[in-house]
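Worksheet: the structure to be examined is printed underneath.
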Amino acid sequence: MSKFLSVFLLFFISLSTLQAQQPKKPTASEIYESIKKLNFLGSVLYVAAHPDDENTRLISHLANDVKARTAYISITRGDGGQNLIGKELGPLLGVIRTNELQEARKIDGGEQFFTRAIDFGYSKNPDETFSIWQKNQVLSDLVFTIRKFKPDVIINRFNHRTPGTTHGHHTASAILSLEAFEMASNINSFPQQLNKLEPWQPTRLFFNTSWWFYGSQEKFEKADKSNLISLNTGQFFPSLGLSNGEIAALSRSQHQSQGFGNTGSRGDQTEYLEIIKGNLPKDPDNLFDGINTNWTRIEGGKEIGEILHKVERDFNFKKPAASIPQLIVAYKLLKSRTDYWGIQKTKEIKNIIAACSGLFLEAVTESQYTAPNSTISINVEAINRAHASMSLNKISYGDHALLTNNEPLFKNTPFEKEYTITIPSDAEYSSPYWLKEKSTLGLYAVSNLEKIGLPTINENQPLQFNLTIEGEEFIIEKHLVYKFNSPVTGEVYQPFQILPEITGKINQKVFIFEDNAPKNVTVTIKAGKTKLSGTVALQHPEGWQVSSPQPFQLDQKDQEREFTFKVTPPKNQDESSIKLAIQVNDNNYHLEKITLDYNHIPYQHILLPAEAKVARIPIETKGQNIGYIAGAGDEIPSALSQIGYTVKDIDLEAMTLENLLGFDAIVVGIRAYNIHELLKFRQETLFEYVKKGGNLIMQYNVSRGLVTDQLAPFKLQLARGRVTDENAPVQFINPIHPVLNTPNKLSTSDFEGWVQERGLYFAEDWSKEFTPIFKMSDPGEKPLEGSLIIAKHGKGNIIYSGLSFFRQLPAGVSGAYRLFANLLSLENE
């Protein structure tokens, strides 16, 4: 990400985030823009359901042109979607998308909040959504954020009046916003919040409408717009050389896991806002019309405003430090205030003073992570790069003082020193707070209510720098970071994390036992500090047998060891979990360290329980060699290897009919026809493979954006049909079809225990050659028959499946394995 795009962000704010950010080194233009923002006292909260729902063009306009404090609250973290850049799904995908949102806000100038709601997958109506989310809990979170952020204006992305016409999460977010608008000011609503917060009544609530919500541009042009205001969001920012549309595109392009790369636009662009609550602004170009957004809004603010407007008028781009004396005068008038805008503007002024002085503070650790109750060396750097009078009075880590004697910071003369600190024994692990407790289907469990709404949390104790700048004392907190030099990319920053002294993993996440024979289960443990010894074992459910615990000794940090346990299943069908148990002295550990390493978000480790699914499933297979055309990331190849198949990735560049004929079946990964342009040139080869006796299994593809309209040699059209209820009844249309009978005899019990959904993007229209296998529907809807269709072609079979095997197989759902084995084993002529 281009760092100069941080123009409108607040500098050196000590946010509690997981990410270790590369230090902001603002230009004079950037400092000037932040001073202009000082003189606007108004805020906006944008509300929607998921990462990617937000209107980055409007957020950037409000934050950068209007200068309002602007935030986006995404009700969920996007955990239920698909991943176009990797194999992470569920909670890990939620972490990726949380980070993507934060990267987006760094570009468009907004802030980011969430609720505890889990994105459990597509929902067709808000009633279903609320039943799973536990509506009152999510509503409480939204009211909490409103009371904390105190928005003057709330803007909904979606229409609360049209349930059933879009994703149930979308409509639900608007309904929640509508209710929270009224409840935030009511002392009887969630009164426990008022121990630390005050009631708050926003002035207006808008719906960010557009022609899309009217069905067409023509219908929108004819619609009554008397209840709407329009905003031109096509500004050009000379200090950046970018239009607002270009900034918005860069922001939206951070949603890489969803494939939302965006091209910037230039020129006038209009956003429409429909008034839902409150009065319509008299000035149609100003959604803050009638709201006091200048310094007279707060008691004693007139004097402060006069000072800061003069700072803005007199700002010297060649010598930003000249503004420091007057900024300090305003700071003194604000620093003891306890009101909302007093606290907010005190933070902003403090950060601007540091920026004007060219102050650089950093504390770099010797390693990227360490464990509680361990010592670590840090290198501290402080430098004053302006003519401001400055001294470093004290550096402390918690209650431990590292520096106590005053060190003058002369212009461009760095202060550098190495210290050793001890991480507290009770320090929390650095992992997303919402993943530390067991969640329900629709709601993350968060015991510390003050964390609710925050994007990510850095549990680490920050370093405190006590400085004097032009005679005024300041305390600035900086989180520890890890930094190294890459020969390719140069200076690289990563977050410093506190992790367990030992972690481990079960090397496979699913073990399928097709008979009573035992299997070897391999686990890996890794030291987080030196000189560790203890035992490693597998906790197992009743009926399963596991070999005895094994001793270990690890002498070096990052040292790994593998252990193999023999696991014997029960005689009867059973699905359970085994869990890793590591004991060191009197301490027990059970967490796996999972690394997220993507270029567009910070490198980080996530801690999750180290466990695996074990299933004793009566299953038979035919054939051996499976070719796999990778799609948008899934774990099906490893799942198939669990039931005895040999799976090999197919290189589309080198694919020929001759090398396909060695496979008993070919499986096409999810969304492969959306992302692989080469597939449109390989279809005839795949069809010829089928004619000669092969089975081709195509998993779900999004109906729009297909690289070819020839998914089959016969008519086959996809649509958006889906069944979101994972427990929806499944009817067998043709019970005698081989796919339901060989080599495994299937019954409706094989559709028990499915997770998140039945399937998505079902076939809608197909030729007579295809035979539909199942009929299913969500409650109250017309049954769909396009979840699985099969056609003979020559000697082989062409199969399209919208069933969500990519979720079921990694989850160890026995019936899904049996059905997939039958698909791979379909008889050829």
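The values are calculated or read from the model by the stated rules, or taken from the named source; none is laboratory data. As the structure is a prediction and not an experimental result, all values here were calculated from the model. Neighbour counts run over all protein chains shown; Cβ positions are idealised from the backbone, glycine included.
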Query - Test: residue 463 is surrounded by 15 or more Cβ atoms within 10 Å (Cβ to Cβ) and touching a residue at least 60 places away in the same chain (Cβ under 8 Å) - result: yes
Query - Given (1) among the polar types (S, T, N, Q); (2) modelled with pLDDT of 95 or more; (3) crowded, with 24+ Cβ neighbours inside 10 Å, index of the condition residue 140 fails - result: (3)
Report task. Search segment 644-675 for residues being over 24 Å from residue 795 (Cβ atoms) and β-branched (Val, Ile, Thr), and hand back the single one that is surrounded by the most Cβ atoms within 10 Å (Cβ to Cβ). Result -> 670
Query - Residue match in segment 784-802 (condition: modelled with pLDDT of 95 or more, surrounded by fewer than 18 Cβ atoms within 10 Å (Cβ to Cβ) and over 28 Å from residue 828 (Cα atoms)) - result: no
Query raised in the report: When segment 346-388 is examined, which residues are found to be in a loop (DSSP other than H, G, I, E, B), in contact (Cβ under 8 Å) with a residue 60 or more places away in the chain and either touching a helix residue (DSSP H, G or I) at 6+ places or on another chain (Cβ under 6 Å) or surrounded by 17 or more Cβ atoms within 10 Å (Cβ to Cβ) (or both)?
Result: 357, 359, 368, 371, 372, 374, 386, 387, 388
Requested in this report: Can you confirm whether segment 748-761 contains a residue that is closer than 25 Å to residue 638 by Cα, among the aliphatic types (A, V, I, L, M) and more than 33 Å from the chain's Cα centre (by Cα)?
Outcome: no
Query raised in the report: Do we have residue 536 as of a type in the set (A, V, I, L, M, F, W, C) and in contact with a Pro (Cβ under 7 Å, 6 or more places away or on another chain) here?
Result: yes
Query - Residue satisfying condition, being among the acidic types (Asp, Glu) and either exposed (fewer than 14 other Cβ atoms within 10 Å of the Cβ) or part of a loop (DSSP other than H, G, I, E, B) (or both), within set 246, 299 - result: 299
Requested in this report: Report those helices (runs of 4 or more DSSP H) wholly inside segment 77-182 carrying at least 3 residues which are farther than 29 Å from residue 279 by Cα.
Outcome: 91-108, 126-133
Query raised in the report: Has segment 723-738 got at least one residue that is within 29 Å of residue 677 (Cα to Cα), at pLDDT 95 or above, under 30 Å from the mean Cα position of the chain (by Cα) and among the β-branched types (Val, Ile, Thr)?
Result: yes
Report summary line: Note: among 414, 408, 455, just one is of a type outside the set (Val, Ile, Thr) and within 30 Å of residue 113 (Cα to Cα), namely 455
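Per-residue answers, yes or no, for (1) surrounded by 13 or more Cβ atoms within 10 Å (Cβ to Cβ); (2) over 30 Å from the mean Cα position of the chain (by Cα):
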site: 264; (1), (2): yes, no
site: 269; (1), (2): yes, no
site: 275; (1), (2): yes, yes
site: 282; (1), (2): no, yes
site: 285; (1), (2): no, yes
site: 293; (1), (2): yes, yes
site: 307; (1), (2): yes, yes
Requested in this report: Being of a type in the set (Ser, Thr, Tyr) and in contact with a Gly (Cβ under 7 Å, 6 or more places away or on another chain) is the filter; apply it to segment 55-71 and report the residue that is surrounded by the most Cβ atoms within 10 Å (Cβ to Cβ).
Outcome: 60
Query raised in the report: Of these, 545, 559, 604, 553, which one is over 31 Å from the mean Cα position of the chain (by Cα), closer than 30 Å to residue 495 by Cα and not assigned by TED's automatic domain parsing to the domain that holds residue 810?
Result: 553
Query raised in the report: When you scan segment 467-486, how many residues do you find that are in a strand (DSSP E or B) and touching a residue at least 24 places away in the same chain (Cβ under 8 Å)?
Result: 12
Requested in this report: Run residue 74 past the list (1) surrounded by fewer than 24 Cβ atoms within 10 Å (Cβ to Cβ); (2) under 20 Å from residue 210 (Cβ atoms) and report the number of the one that doesn't hold.
Outcome: (1)
Report task. Report the residue count in segment 90-114 for those that are buried (at least 22 other Cβ atoms within 10 Å of the Cβ) and farther than 26 Å from residue 60 by Cα. Result -> 0
Query - Residues satisfying the stated conditions in segment 701-713, i.e. closer than 14 Å to residue 676 by Cα and either in contact with a Phe, Trp or Tyr (Cβ under 7 Å, 6 or more places away or on another chain) or buried (at least 23 other Cβ atoms within 10 Å of the Cβ) (or both) - result: 701, 702, 706, 707, 708, 711
Query - Spans of strands (runs of 3 or more DSSP E) in segment 742-829 with at least 1 residues in contact (Cβ under 8 Å) with a residue 60 or more places away in the chain, aliphatic (A, V, I, L, M) and touching a helix residue (DSSP H, G or I) at 6+ places or on another chain (Cβ under 7 Å) - result: 796-801
Requested in this report: Would you list the strands (runs of 3 or more DSSP E) that sit entirely within segment 496-614 and hold 3 or more residues that are among the acidic types (Asp, Glu), surrounded by 14 or more Cβ atoms within 10 Å (Cβ to Cβ) and in contact with a His (Cβ under 9 Å, 6 or more places away or on another chain)?
Outcome: none
Report task. Starting from segment 128-149, keep only residues that are farther than 15 Å from residue 440 by Cβ, then list their pairs with residues that are hydrophobic (A, V, I, L, M, F, W, C) and assigned to a helix (DSSP H, G or I) whose Cβ atoms are within a distance under 7 Å, requiring at least 6 positions of separation or different chains. Result -> 139/176; 139/180; 142/176; 142/180; 143/180; 143/183; 146/180
Report task. Report whether or not residue 629 is touching a strand residue (DSSP E or B) at 6+ places or on another chain (Cβ under 9 Å), buried (at least 17 other Cβ atoms within 10 Å of the Cβ), modelled with pLDDT of 95 or more and hydrophobic (A, V, I, L, M, F, W, C). Result -> yes
